[in-house]
1. Checking PHE383 against (1) at pLDDT below 85; (2) more than 25 Å from the chain's Cα centre (by Cα); (3) of a type outside the set (Gly, Ala, Ser), which test does it fail?
2. Out of the residues in the range 203-223 meeting the condition of being aliphatic (A, V, I, L, M) and open to solvent by less than 10 Å² (accessible area, probe 1.4 Å), tell me which one is modelled with the lowest pLDDT.
3. Of everything in the range 352-365 that's touching a Gly at 6+ places or on another chain (Cβ under 9 Å) and open to solvent by 50 Å² or more (accessible area, probe 1.4 Å), which residue is farthest from VAL284 (Cα to Cα)?
4. So which residues in the range 286-341 are surrounded by fewer than 18 Cβ atoms within 10 Å (Cβ to Cβ), assigned to a strand (DSSP E or B) and modelled with pLDDT under 80?
5. Taking only the range 258-281 into account, find how many residues are open to solvent by 20 Å² or more (accessible area, probe 1.4 Å) and modelled with pLDDT under 90.
6. Name the pairs: first residue in the range 106-131 and among the basic types (Lys, Arg), second residue part of a loop (DSSP other than H, G, I, E, B), Cβ to Cβ under 7 Å, at least 6 apart or on different chains?
7. If I go through the range 103-115 residue by residue, how many of them are in contact with a Leu (Cβ under 9 Å, 6 or more places away or on another chain), open to solvent by 20 Å² or more (accessible area, probe 1.4 Å) and not in a loop (DSSP other than H, G, I, E, B)?
8. From the list LEU149, LEU65, which one is farther than 19 Å from ASP249 by Cα, out of contact with any Gly (no Cβ under 9 Å at 6 or more places or on another chain), modelled with pLDDT under 95 and surrounded by 16 or more Cβ atoms within 10 Å (Cβ to Cβ)?
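The values are calculated or read from the model by the stated rules, or taken from the named source; none is laboratory data. Just so you know, these numbers come straight off a predicted model, no measurement behind them. Please note: Cβ atoms are built from the backbone with ideal geometry, for glycine as well, and neighbour counts cover all protein chains shown. Just the protein is used for accessible areas: all its heavy atoms, side chains included, with ligands, DNA and RNA removed. Shrake-Rupley method; radii C 1.70, N 1.55, O 1.52, S 1.80 Å.
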Amino acid sequence: MNSSPGSALPKGGNVPLGGGQVRITVAPGGIDVSVLCVGADGKVGGDADFVFYNQPESPDGAVRLAGGAVSVDLARVAGRVERLVVAASVDTGTVAAVPLAVRVSDGAAAHELVVGGLSTETTVVLGEIYRRGGAWKLRNVGQGYASGLAGLATDYGITVDDPGTPAPPAPPPPPPVAAPAPNLTKRSITIKNSAPVLLRKAPVVRLRVAWTSGTDYEAYALVVLTDGTVVHVATFDAQGIPANPQFKDLVRHLGDRGRGDVNRGGGSTEEIIEVRFAPEIAAVVPVAYSAINNGTGSFHKYRVTLAIDSGGEEEVTIPADQAKKSSWIFTCVPGIVYNRPDGVLVERLELYSRRMSEHRPKAILHPDGRVEVKMDKGPLNTFKRDNT
């Protein structure tokens with residue numbers, strides 16, 4: 001949801017920023033504010049990209065922390081940096097117990113980030129400043145971390161030292177053995193029928209919805225829990241369901257990742273959802289959705305695909321090759337990813353919404369562990385426009 005300049009910015013909302021100086025203040029005093037300078041892969045380039053009280057300036061000099069406030073010179077941000085993730089943390093207690101007031105100003109307007117819905121978390125991602133179409137935008141994220149600042153930093157690729165845990169004594173060196181040659185080629189498997197594919201379960205599994213055009217799709221996920229609860233991880237609202245780009249520390253929407261010049265037909269764009277398959281997750285249903293100001297087109301024309309990368313030597317791809325050429329079908333569920341004890345099971349579905357339908361799918365967990373996906377039976381998307 002786009003918000004007007006100067007208004008309160010709700011969770012999931014975003015506004016454009018000018019390309020100059022940005023100042024971020026967090027009240028009350030005593031809150032630790034930090035910024036992660038994140039690249040296109042969702043990770044920092046190195047530990048120096050973590051701006052916090054012990055390291056108050058980014059390597060490019062664009063981000064500075066002083067007096068509990070953050071100043072950003074957007075013109076100086078290194079080209080490899082796609083997002084500036086702004087977080088706040090407390091040493092004792094929880095952030096929910098602190099009446100946070102977060103203000104972001106760019107000289108032309110000031111935006112108040114609405115923070116709420118927290119409980120036991122000690123760290124919260126307040127928002128992110130990110131590149132979009134050659135300009136900068138601000139999004140209210142409002143996602144808490146029960147694992148604290150160390151958990152947040154680790155998620156974005158920072159190596160965190162724990163001085164409280166002594167290192168175990170080094171074991172005696174093993175006898176030398178000839179190391180096998182590494183396999184540097186990832187095997188790609190394309191699912192063309194209903195036969196599922198089992199992949200090794202890595203600590204982080206990436207679901208990528210990709211398309212080869214200058215058009216923009218949105219990706220979101222229905223996270224089906226073992227108790228039957230379904231959590232929507234999306235950057236935009238549906239009726240009765242607010243935008244929520246992350247579920248706990250387990251499922252996280254990373255946003256757009258462009259590769260090549262999509263506007264000239266020479267590249268592709270993808271939206272990535274990272275999943276940590278904890279025991280409470282039964283399955284994840286990725287969904288591709290077309291926003292209205294994308295222009296006309298279809299899933300067939302733009303060759304939308306779902307790829308599942310478990311971090312191993314195999315990647316599974318499900319193409320939307322059965323799509324009709326209609327420009328008025330807005331939603332596609334390419335497949336489903338099950339959490340199994342022996343790995344992640346990928347099954348092709350390739351389901352499409354009715355023409356002109358704005359409803360999300362509905363996911364139902366059956367007693368036998370099977371998840372049924374019913375198109376057009378979920379909540380109504382509250383708008384149809386580009387929201388990122």
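1. (2) is the only condition that PHE383 fails.
2. Across the range 203-223, the extreme among qualifying residues is VAL209.
3. The selected residue is HIS359.
4. Correct list: GLU314 only.
5. Of the residues in the range 258-281, 9 are open to solvent by 20 Å² or more (accessible area, probe 1.4 Å) and modelled with pLDDT under 90.
6. Cβ pairs passing all conditions: ARG131/GLU82.
7. The number of residues fulfilling the criteria is 2.
8. LEU65
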